[in-house]
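Have a look at the structure below before the remarks.
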Amino acid sequence: TPLNAIVGFSEILSQTDDPDQRADYFGIIRDNNKLLLQLIGDILDLSKIESGRLELLTAEYSTQQLMNDCYSMMIMRAEKKDLLLEIKNDPQLPAKLAGDEVRLRQVILNLLTNAVKYTSAGEVTMRVDFKHTAENEIMLKISVRDTGMGISQENQQNLFKAFRRLDEMTNRHIEGTGLGLSITKHLTEMMGGTIAVRS
C-alpha cells in the first residue's frame with residue numbers, strides 16, 4: 001500500500017504545477033516512504049528472529065534519556081488526536097541500566113504506538129516499575145494503559161501473531177502490518193521477560 005501511494009502520487013506530482021498541491025503530494029509521499037521503511041525494517045527483524053540471527057547487544061544507558069526519547073517520539077502523534085500522553089517512572093528506578101537500549105526502545109515504542117493508534121479519545125499512560133531479581137540485576141515492568149476501544153477475548157489470542165490485524169474491517173483506516181506486537185513479544189522473551197494483555 002505505501003509503495004502504491006509513492007508511485008501514484010509521484011506520477012500525479014509530475015503533472016501538476018500548483019505549489020499547494022505539490023506540497024500536499026510531497027507530504028503524502030514522505031509519510032508513505034516512512035511507512036514503507038518501517039514495514040521493511042519489521043520484516044527484516046522478523047526474519048532475523050525466526051532464523052535465530054537476531055542478537056541482543058548489552059551496553060549501559062540512561063533510563064531517563066530512554067523514557068524522554070520515547071515520549072518525544074510519541075507526543076506529536078498523541079497531540080494530533082487530542083490524547084493525553086503520560087510516562088510515569090518509579091522514583092527509585094536506577095538512573096543507569098545495562099541492556100539492549102535499541103531493542104527496549106523498540107518494544108516501548110511499539111506498545112505506545114498501538115495504544116495511540118487505537119485510542120480515539122482520552123489518554124495513554126505508560127508506567128515503568130521494577131523489581132530486584134538478583135544482586136545488581138532488576139526486571140523492568142512496563143505497562144501501557146489506554147482508553148481505547150478494548151480487545152475482545154477472542155482477538156486477544158491472536159494479538160501477538162505475525163501479520164494478524166484485529167477487526168480488519170473496523171480498523172482498515174488505521175495504518176499497520178500486524179508485525180509490531182509479534183516482534184515485541186519475541187524481543188521481550190529474548191530479554192527474559194513476558195508480555196500479556198488485559199482488556
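The values are calculated or read from the model by the stated rules, or taken from the named source; none is laboratory data. Just so it is clear, the model here is predicted, and its values are computed rather than measured. Here Cβ is always computed from backbone atoms with ideal geometry, including for glycine, and neighbour counts include all displayed protein chains. Heads up: the accessible areas ignore ligands, DNA and RNA and are worked out on the full protein's heavy atoms, side chains in. Shrake-Rupley method; radii C 1.70, N 1.55, O 1.52, S 1.80 Å.
Data table
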quantity	calculated
Residue in segment 165-177 that is at pLDDT 90 or above and loosely packed, with under 13 Cβ neighbours inside 10 Å present	no
Hits in segment 113-142 (condition: of a type in the set (S, T, N, Q), open to solvent by 50 Å² or more (accessible area, probe 1.4 Å) and within 19 Å of the chain's Cα centre (by Cα))	SER120
Yes/no for GLN38 being closer than 30 Å to ARG127 by Cβ, at pLDDT below 90 and either open to solvent by 90 Å² or more (accessible area, probe 1.4 Å) or under 18 Å from the mean Cα position of the chain (by Cα) (or both)	yes
Residue match in segment 2-17 (condition: acidic (Asp, Glu) and touching a residue at least 12 places away in the same chain (Cβ under 8 Å))	no
Wholly within segment 1-120, helices (runs of 4 or more DSSP H) carrying at least 1 residues that are farther than 28 Å from VAL197 by Cβ and of a type in the set (Lys, Arg)	19-50
